[in-house]
Amino acid sequence: MDSRLNGSARLMLVSDLDYTMVDHDDPRNTSLLRFNALWEAYYRHDSLLVFSTGRSPLSYKPLRNEKPLLTPDITIMSVGTEIIYGEGDAMLPDDGWQHYLNHNWDRNIVVEETTKFPQLTPQAEAEQRPHKVSFYVDKVEATEIMNVLSERLAKRGLDVKIIYSSGIALDVLPKGAGKGQALAYLLKKFKIDGKLPCNTIVCGDSGNDAELFTLPEVYGVMVDNAQEELLHWYAQNAKSNRRILRATERCAAGILQALGNFHLGPNVSPRDIKDFQKCKVNIFSPAYEVVKFYLFYEKWRRAEVEKSEQYMQNLRSIFHSLGVFVHPSGVELPLHQCIDAMARLYGDKQGNQFWTWVDRLTSAQIGCDTWLVKFYKWELNENERQCTLTTVLIKSQVEVPDTFTWLHMHQTWLDGFAIANAERWLF
Ligand code: GLC
Ligand code: MG
């Protein structure tokens with residue numbers, strides 16, 4: 001199992017996607033973007049992000065393209081029947097897990113037996129997987145069908161698990177599968193490697209998330225908008241578990257709430273900064289500086305910060321006067337010229353859909369006071385997304401705490417995410 005980290009993760013955050021990480025009722029993605037800024041500023045360098053979704057690889061992809069989701073380290077898909085390490089070209093399925101799930105499982109028998117229930121409506125083909133057979137069924141009929149079906153499948157020699165989610169979806173899986181079992185398998189692997197995370201937190205909203213909360217020694221948060229079947233499970237099985245929080249905030253905001261509640265690390269998103277003049281952290285952190293800069297940049301163009309010359313003066317003092325920016329089009333510009341361009345664009349995105357976020361941020365100290373910071377910088381402009389692979393050279397000033405200088409910046413387009421008119425791209 002390939003992990004970015006050399007040692008144990010400080011935190012492994014395992015989150016469901018639909019209606020936990022992603023609030024489909026919020027087109028502005030407010031809490032997701034708040035989570036993203038927090039994660040990249042404070043957690044990315046020493047923690048692991050795991051998505052655990054009911055979606056198949058096929059239906060996960062459009063969600064990833066539609067919503068500002070960060071890149072996870074591991075993705076548990078198809079209700080814990082598929083485990084995938086890395087992303088994109090580097091995606092690597094865990095074949096050991098697939099193999100293990102074959103035990104007392106025969107997909108054809110499941111299909112044969114379920115066809116005998118006319119109340120079960122098969123889900124789309126994209127959701128049918130080697131170890132997952134999925135249907136829609138009315139709430140009033142679900143319990144009865146689950147009982148009869150599991151008896152019939154047991155009689156035919158199968159060991160299955162039937163899960164009901166969101167008051168509509170019914171999944172038939174091998175008994176050893178499920179989101180909780182997949183996580184237990186991962187934790188066991190980490191333990192064997194001597195890399196058990198210091199803390200683990202699981203986050204969910206619906207029935208297929210329930211078993212995540214049964215793992216010993218994990219923290220859990222049920223977001224405020226949790227589904228009836230999850231709350232029912234909790235009332236019956238886990239009410240006395242002090243490690244499970246019923247959040248009063250929806251979706252990703254509930255995750256931030258839980259991080260604070262269980263003292264698992266910082267829980268105030270840099271996105272919630274009101275006064276950019278004052279906000280400083282005690283220890284110089286390149287990740288935090290980069291996240292903060294792009295938030296300021298977004299808020300400047302959205303006219304959500306005051307139009308003050310003082311801000312621009314500050315930026316000029318942070319960006320080295322001889323510093324160079326290699327624009328993704330290949331053109332070299334003095335960093336200060338970019339600040340001047342930014343100054344002129346105050347409010348040009350006011351009232352528009354214009355959001356920025358950074359992803360996969362890593363930083364390496366390459367000298368006693370010099371840092372090389374790399375990240376993917378995303379921008380959403382109305383319905384179009386752009387992304388550049390960005391490298392920044394930052395120097396901290398040892399004599400003056402909290403002072404740092406951006407020396408050099410370089411961007412190249414991420415394949416398929418260039419802007420049509422390169423002149424419209426600033427940073
Ligand atoms: C997701 C999947 C669906 C599954 C449901 C509940 O919505 O796409 O196939 O039934 O989660 O687990
Ligand atoms: Mg969900």
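The values are calculated or read from the model by the stated rules, or taken from the named source; none is laboratory data. Note that the structure is predicted; figures quoted are calculated from it, not measured. Cβ sites come from the backbone with ideal geometry, for glycine too, and all protein chains shown count toward neighbours. Heavy atoms of the whole protein, side chains included, go into the accessibility calculation; ligands, DNA and RNA do not. Shrake-Rupley method; radii C 1.70, N 1.55, O 1.52, S 1.80 Å.
Assorted remarks:
- Residue tally, condition out of contact with any strand residue (DSSP E or B) (no Cβ under 8 Å at 6 or more places or on another chain) and touching a residue at least 12 places away in the same chain (Cβ under 8 Å), over segment 385-409: 3
- Any hit, segment 220-230, residues being away from ligand 1 (no atom under 16 Å from the Cβ) and in a helix (DSSP H, G or I): no
- Scanning segment 137-146 for residues that are within 12 Å of F117 (Cβ to Cβ) and either among the charged types (D, E, K, R) or surrounded by fewer than 18 Cβ atoms within 10 Å (Cβ to Cβ) (or both) yields D138, E141, E144, M146.
- Flag: S206 matches the condition of being crowded, with 23+ Cβ neighbours inside 10 Å, within 12 Å of ligand 1 (Cβ to nearest atom) and among the hydroxyl-bearing types (S, T, Y).
- Of T114, T121, all but one fail to be open to solvent by less than 30 Å² (accessible area, probe 1.4 Å) and either on the phi > 0 side of the Ramachandran plot or within 16 Å of ligand 1 (Cβ to nearest atom) (or both); the exception is T114.
- Candidate set: segment 143-174, residues that are among the β-branched types (V, I, T) and away from ligand 2 (no atom under 16 Å from the Cβ); chosen: the one farthest from D106 (Cα to Cα): T143
- Among the residues listed as Y219, Y288, the single one being in contact (Cβ under 8 Å) with a residue 24 or more places away in the chain, under 22 Å from the mean Cα position of the chain (by Cα) and under 21 Å from G180 (Cα atoms): Y219
- Being open to solvent by 10 Å² or more (accessible area, probe 1.4 Å), under 18 Å from the mean Cα position of the chain (by Cα), over 20 Å from T53 (Cα atoms) and of a type in the set (S, T, N, Q) is a property that holds for N199.
- Residue match in segment 201-216 (condition: hydroxyl-bearing (S, T, Y) and within 13 Å of ligand 2 (Cβ to nearest atom)): yes
- Qualifying residue in segment 41-55 (condition: within 16 Å of ligand 2 (Cβ to nearest atom), of a type in the set (S, T, Y) and either modelled with pLDDT of 95 or more or open to solvent by 20 Å² or more (accessible area, probe 1.4 Å) (or both)): yes
- Residue match in segment 30-39 (condition: within 16 Å of ligand 2 (Cβ to nearest atom) and either open to solvent by 20 Å² or more (accessible area, probe 1.4 Å) or more than 19 Å from D205 (Cα to Cα) (or both)): no
- Among (1) free of Cβ contacts under 8 Å to residues at least 60 places away in the same chain; (2) touching a helix residue (DSSP H, G or I) at 6+ places or on another chain (Cβ under 8 Å); (3) open to solvent by less than 20 Å² (accessible area, probe 1.4 Å), the one test that N241 misses: (3)
- Check on H320, modelled with pLDDT of 95 or more and touching a Gly at 6+ places or on another chain (Cβ under 8 Å): no
- Taking each residue of segment 115-132 that is in contact (Cβ under 8 Å) with a residue 60 or more places away in the chain and over 16 Å from K61 (Cα atoms) and looking for partners that are within 16 Å of ligand 1 (Cβ to nearest atom) and part of a strand (DSSP E or B) with beta-carbon atoms closer than 8 Å, six or more apart or interchain, yields K132/D171; K132/V172; K132/L173.
- Test: L212 is part of a helix (DSSP H, G or I), in contact with a helix residue (DSSP H, G or I) (Cβ under 7 Å, 6 or more places away or on another chain) and aliphatic (A, V, I, L, M): yes
- Test result for M12, away from ligand 2 (no atom under 15 Å from the Cβ), more than 11 Å from the chain's Cα centre (by Cα) and open to solvent by 10 Å² or more (accessible area, probe 1.4 Å): no
- Filtered residues of segment 175-186 (kept if more than 16 Å from ligand 2 (Cβ to nearest atom) and either in contact (Cβ under 8 Å) with a residue 40 or more places away in the chain or not in a helix (DSSP H, G or I) (or both)): K175, G176, A177, Q181, Y185, L186
- When the test is whether a residue is within 11 Å of ligand 1 (Cβ to nearest atom), more than 18 Å from N199 (Cβ to Cβ), over 14 Å from the mean Cα position of the chain (by Cα) and not hydroxyl-bearing (S, T, Y), G88 does not pass it.
- Taking the criterion of being among the aromatic types (F, W, Y) and within 15 Å of ligand 1 (Cβ to nearest atom), the residues of segment 13-71 that qualify are Y19, F51, Y60.
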